[in-house]
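Everything on this sheet refers to the single structure shown next.
The values are calculated or read from the model by the stated rules, or taken from the named source; none is laboratory data. Quantities reported herein were computed from a predicted structural model and do not represent experimental measurements. Reconstructed Cβ throughout: ideal geometry from the backbone, glycine too, with neighbour counts over all protein chains shown.
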Amino acid sequence: MKIRNGFVSNSSSSSFVCNICGETESGWDLSLSEADMMMCEHGHVFCKRHHLDSKITNKILQKWEFVKGFIQENSDDILKALEGVTSEEVILQTLEDYDYDLDDLYDEITEHQLPESCCPVCQLKYISDDTLLHFTLHKYNISRETLETEMRTKFPNLQDFFAAIK
């Protein structure tokens with residue numbers, strides 16, 4: 001959890017939309033893990049409940065647990081190592097350069113490096129309407145413009161279209 005005191009000028013809002021169910025999470029300085037979402041290596045964002053279990057995901061999560069445990073167990077030693085640094089400017093610059101907490105580290109280890117084998121979009125477990133449209137146009141070798149013209153010719157409005165396809 002991030003704890004910030006005083007005025008923070010680099011705060012920004014973040015918003016994430018699940019590519020599968022459309023759930024939206026937003027907030028100030030919100031990370032993927034705080035939104036309970038994940039991202040695959042190709043940029044697909046999805047709720048954690050949609051991710052595909054795999055040996056790779058388990059290995060990544062094991063690495064995260066190891067790193068988190070190491071940091072927690074050795075926090076005193078890490079702080080002692082900084083005691084030898086006498087320049088306040090160096091310490092402040094180092095803290096600014098590495099201004100992330102365990103949630104950000106978790107994001108780097110999991111969400112931003114999640115392989116396509118764990119992604120329901122990449123594995124075609126979920127197929128978006130846009131992907132279906134591309135497939136259909138390719139399969140029947142027609143352009144989007146041709147399909148639009150045909151729809152406009154057959155149906156004067158959207159309500160007539162939906163009534164006809166029921």
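Just checking, does region 88-111 include any residue being surrounded by 10 or more Cβ atoms within 10 Å (Cβ to Cβ), more than 20 Å from the chain's Cα centre (by Cα) and modelled with pLDDT of 65 or more? No, region 88-111 has no match at all.
Answer yes or no: is there a residue in region 117-127 that is at pLDDT 90 or above and either hydroxyl-bearing (Ser, Thr, Tyr) or more than 30 Å from Ser26 (Cβ to Cβ) (or both). Checked region 117-127: at least one residue is at pLDDT 90 or above and either hydroxyl-bearing (Ser, Thr, Tyr) or more than 30 Å from Ser26 (Cβ to Cβ) (or both). Within region 29-77, the set of residues being part of a helix (DSSP H, G or I), modelled with pLDDT of 80 or more and surrounded by 15 or more Cβ atoms within 10 Å (Cβ to Cβ) comprises just one member, His50. Taking the criterion of being surrounded by 14 or more Cβ atoms within 10 Å (Cβ to Cβ) and of a type in the set (D, E, K, R), the only residue of region 113-136 that qualifies is Glu116.
Contact map, region 132-157: residues that are farther than 24 Å from Val121 by Cα paired with residues that are surrounded by 10 or more Cβ atoms within 10 Å (Cβ to Cβ), Cβ distance under 7 Å, separation 6+ or inter-chain. Pairs shown: Ser143/Leu137; Leu147/Leu137; Met151/Phe161; Phe155/Phe161. Evaluated against (1) under 30 Å from Leu30 (Cα atoms); (2) modelled with pLDDT under 65; (3) of a type in the set (A, V, I, L, M), Ala81 falls short on exactly one condition, (1).
Among the numbered criteria (1) modelled with pLDDT under 85; (2) exposed (fewer than 10 other Cβ atoms within 10 Å of the Cβ); (3) charged (D, E, K, R), which single criterion is violated by Lys139? Just one mismatch for Lys139, condition (1). The set of residues in region 117-146 being in contact with a helix residue (DSSP H, G or I) (Cβ under 7 Å, 6 or more places away or on another chain) and assigned to a helix (DSSP H, G or I) consists of Ser117, Cys118, Leu137, Arg144.
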